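All remarks here apply to the structure that follows.
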Amino acid sequence: MNVLKETRLVALRTHVLKHNDVVARSLREEFLANEVCAISLVSSPGAGKTALLEQLLGRLILQYHVAALVGDLATDNDARRLGRSGALVRQITTGTICHLEAEMVRTALLDWSLRDLDFLFIENVGNLVCPATFDLGEQIRLVLFSVTEGEDKPLKYPTIFNSADAAVITKVDLAQAVECDLPAMHRNLQLVRPGIEVLEVSAKSGQGLDQLLTFVEQSRRRQCPGT
Ligand code: MG
C-alpha cells in the first residue's frame, strides 16, 4: 500500500470513529435521561450471546420492561429466537459490516419509546476485533468467551477485553468435556484487565444465571440511581 492511500484510509477511519463517538454520546445521554440500562454483549461467533440473552430476557421480563437489538451480518434468526421471550426485539442486519455502529443503534430505536424500557440489551455481531473500537452508547459492556475457545483468548484479543466492564465465561457445563483450564482463563483475564469482574455461566444448565441476573440488576441501580 502506498503512503498516500494509507494516509487516506487512516483519515477516513478517524472520521468514522469520531462521528460514532458523537452519536454514542448522545445515545448514552438519552439512555440516562430515560432511565434505561443499556447493556451490550460482545464475543466471537458461537460463544453463546443469544443463548444467554434468551435466558436473561426470559427472567427479566417477569419484572421489567426489556428490549433487545441483535446485530448479525445476515438473517433474523436470533431476533426470532429472542422474540419468543416476549421481549421487544429487533434485528439489525449489517450486510458486510463486521460490527454495530452507534448510528445503527440510533436508527433501530427511532420508533421505540425509551421511557417505557428498563433494560436495553444490544447483541453485537460475533467478532472480537472490530466491535472493540465502536462505542454504542451502552453503559455496560459484557465480553463473553466460552470454555470451548481456548484459555488464551484474552491474551490474543486484549483490546476487546479492555473495553469491557465485565467478562462472562460461557458454556461452563462443557468445561470438563473440553478439558478447559478455568483457573488459566481467570488468570489470563486478570493479566489483560486487572480487577475485572468475571462471571461463570451456563445457559444450558442454568449455572451462574442468578449471579448474572444480580449483576445486571445492580448495574441498573448504579446507572439509573433514581429507579
Ligand atoms: Mg447471536
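The values are calculated or read from the model by the stated rules, or taken from the named source; none is laboratory data. Just so it is clear, the model here is predicted, and its values are computed rather than measured. Note: ideal-geometry Cβ built from the backbone for every residue, glycine included; neighbour counts use all protein chains shown. These accessible areas exclude ligands, DNA and RNA; they are computed on the full protein's heavy atoms, side chains included. Shrake-Rupley method; radii C 1.70, N 1.55, O 1.52, S 1.80 Å.
Things worth noting here:
- L32-L182 FRET efficiency (beta carbon distance; Förster radius 35 Å; 0.05 resolution): 0.45
- Residues with amide H under 5 Å from that of A68, placed H, sequence gap 5 or more: L88, V89, R90, F121
- Under the Karplus curve 6.51 cos²θ - 1.76 cosθ + 1.60, θ = phi - 60°, whole-Hz ³J(HN,Hα) for the stretch 137-148, x wherever Gly or Pro sits: x, 5, 8, 10, 10, 9, 9, 9, 8, 9, 5, 8
- Cα gyration tensor category, rounded, prolate or oblate, for the stretch 3-223 with a/c compared to 1.5: oblate
- Linear extension gain, T93 paired with N77, 0.36 nm per residue minus alpha-carbon span: 4.7 nm
- Max mean-square fluctuation residue, GNM over the chain, Cα-Cα springs under 10 Å, options R84, R59, R13: R13
- Protein heavy-atom surface of the stretch 3-223, 1.4 angstrom probe: 52% of the accessible area is carbon and sulfur, with nucleic acids and ligands not counted.
- When shorter helices are ignored and each DSSP H run of at least 4 residues is given -39500 (n - 2.57), the per-residue value for the chain at 222 nm works out to -13000 deg cm²/dmol.
- Cross-link partners of K171 among lysines, defined as those whose alpha carbon lies under 29 angstrom from its own and excluding same-chain residues fewer than eight positions apart: K49, K153, K156, K204.
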